[in-house]
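Here is the structure we will look at, set down as C-alpha cells.
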Amino acid sequence: MKKLIILALAALFMAVPATLRAEESEQFDAGSMIIGHVTDAHSWHLFDYTSSDGEEHAVAIPLPIILWNDGHLDVFMSSKFHHGHADYNGYRLIGGGVEKEEVACVGADGELMVDAEGNVVKPLDLSITKTAAAIMIAVVLLIVIIMVAKKGYKKRPNQAPHGLQSLVELLVVFVRDDIVKPMIGEKHYRRFLPYLLTLFFFIFFCNILGLIPIFPAGANINGSLAVTATLAVITFLITNISGNKHYWTDIFNTPGVPAWLKVFPLMPVVELVGVFTKPIVLMIRLFANMTAGHIVILGFIVIIYIISQLFGVVAGGAVSVVSVLFCVFISLLECLVAYLQAFVFTMLSALYIGMAVEEPHHAEA
C-alpha cells in the first residue's frame, strides 16, 4: 500500500508541470493525443520538449520505411520525414492523430498524387511500424525469459524452481492442467499444447509490456486489429485443419435436428456461419478490451490538460489529484485484464480445437 501511495504522488508531481505546459499551449487536441497513443505509427514517439526559442520538438526513434512502388523498392528511415513535416524521395507521411498514419506519393509539383477516381495514390507499405517493432522486442524478451528459466532447470536438476523458474513453471502448469487438458482432453492435448502455451505467453507478455509507459515497452500491441486477427486466423486454421469426420458431420448433418431443417439447409448454414464467427469473436474481444483500457487511462490524463485550459492551472492541479489516483487504479485493474484476456483467448482457442478433435460418444462407449 505504501508503494502504491508513493507511485501516485510521483505521478501527481509529474502531472502538475504538465498542466502548466497545457495552459501555455494555444490549443490541446485531446482526440489526437489519445488516438495517436493507441494506434500504429512509422516512428516510436518518446516525448516532446520546447527549445529556448519557443519551438516544440519531438523526440522519437526512427523506424525503417519499406515501400514498393511502380516495380521498385524504396527503403529509408522514417526520420527523413521529419515527423511528417517534410517530403522525401517522392513520398509524404500523411494522417496521424485521429486519422490513420500512411505514406502517400507526391508529384513533382509537391502535391499529393491522385488517381482517376480522386483517391490519393499510396505505395505498398511494408514498413516496420511501431507495432511490428514492439512485437519483435516482445518476442526477443520472451525468448530470453524462457531460456533463462530453461537454464535454471539445467543448473539445478530435480530441485524446486527458483526465481524466474517459479513464475514460468506456474504459468505453464496452469495452462496445461487448467486450460488445455480440460478443453481438449487427455488423448489429444499434447499435440496442441506448444501452440496454446505460445499463444498464452505472447498475449500476456504483450499486454503487460503495453502497460509500461517507457521504451521499449508502451506499445499497444494487442490493440491492433492486425495482430488480434492474425492470432484468430491461426486458431481458425488449426481448428479446421485438425477437425475430424465427427466435427464436420455435426456441421453439415447435425444430429437431433428435424429432417425438414436438413432438407432446407438452415442448420448447416447456421453451423457454418458459426465456424467463421468464432475467430471474429476472438479477434474483437482482445482488441476491444486492451484498447479500451489504454483509452480510459489516457482519458483521465487528458482531463488535466482540458481543465487547465478552461479554468486555469490551479483547477488543473486540483483535478490532477483525482485523475492520477484513478489512473493508478485503472492501471492496476489493467494488470488483471492483461492476464484475463490471455486466459480467455487461450481457453476459447483450446475449446474450439477440443470441439474439432472430439471423438463421438458412442465410439468412446
Calculate, for ARG156 and ALA226, the FRET efficiency according to 1/(1 + (r/R0)^6) with r their C-beta to C-beta distance and R0 56 Å; round to the nearest 0.05.
-> 0.85
Distance violations [Cα-Cα > 31 Å] among LYS155/LYS187; LYS154/LYS181; LYS154/LYS187 = LYS155/LYS187
Which of [x] 0.98; [y] 1.07; [z] 1.05 is the computed Rg/Rh (Cα atoms, Kirkwood Rh) for the structure on display?
-> [z]
Estimated vicinal HN-Hα couplings, Hz - the stretch 343-357 in sequence order (Karplus 6.51, -1.76, 1.60; Gly, Pro = x) = 5, 5, 4, 5, 5, 5, 4, 5, 5, 5, 5, x, 5, 6, 9
With everything on Cα atoms, drop me the angle between helix 130-155 and the longest principal axis of the chain, reported from 0 to 90° to the nearest 10.
-> 60 degrees
Could you calculate the contour length gain from PHE215 to ALA108, that is, 0.36 nm times the residue separation minus the distance between their Cα atoms, to one decimal place in nm?
-> 34.7 nm
Förster radius 30 Å - calculated FRET efficiency between GLU99 and SER51, Cβ distance, rounded to 0.05 | 0.65
Taking the chain and dividing mean pair separation by its residue count, relative contact order in percent (alpha carbons under 8 Å, at least six apart) = 21 percent
Assigned charges on the beta-carbon of Lys, Arg, Asp, Glu; the chain dipole about Cα centre (debye) = 2180 debye
Cβ density ranking, 10 Å radius, fewest first, applied to SER308, SER242, SER32 yields SER32, SER242, SER308
Return TYR91, TYR247 ranked ascending by Cβ neighbour count within 10 Å, so the fewest neighbours appear first.
-> TYR247, TYR91
To the nearest 20 debye, the stretch 128-266 has a Cα-centred charge dipole, built from +1 on Lys and Arg Cβ and -1 on Asp and Glu Cβ, of 480 debye
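Each value in this text was obtained by applying a stated rule to the coordinates, not by laboratory testing. All of these numbers come straight from a predicted model, not from anything done at the bench. Backbone-built Cβ (ideal geometry, glycine too); neighbour counts: all protein chains shown.
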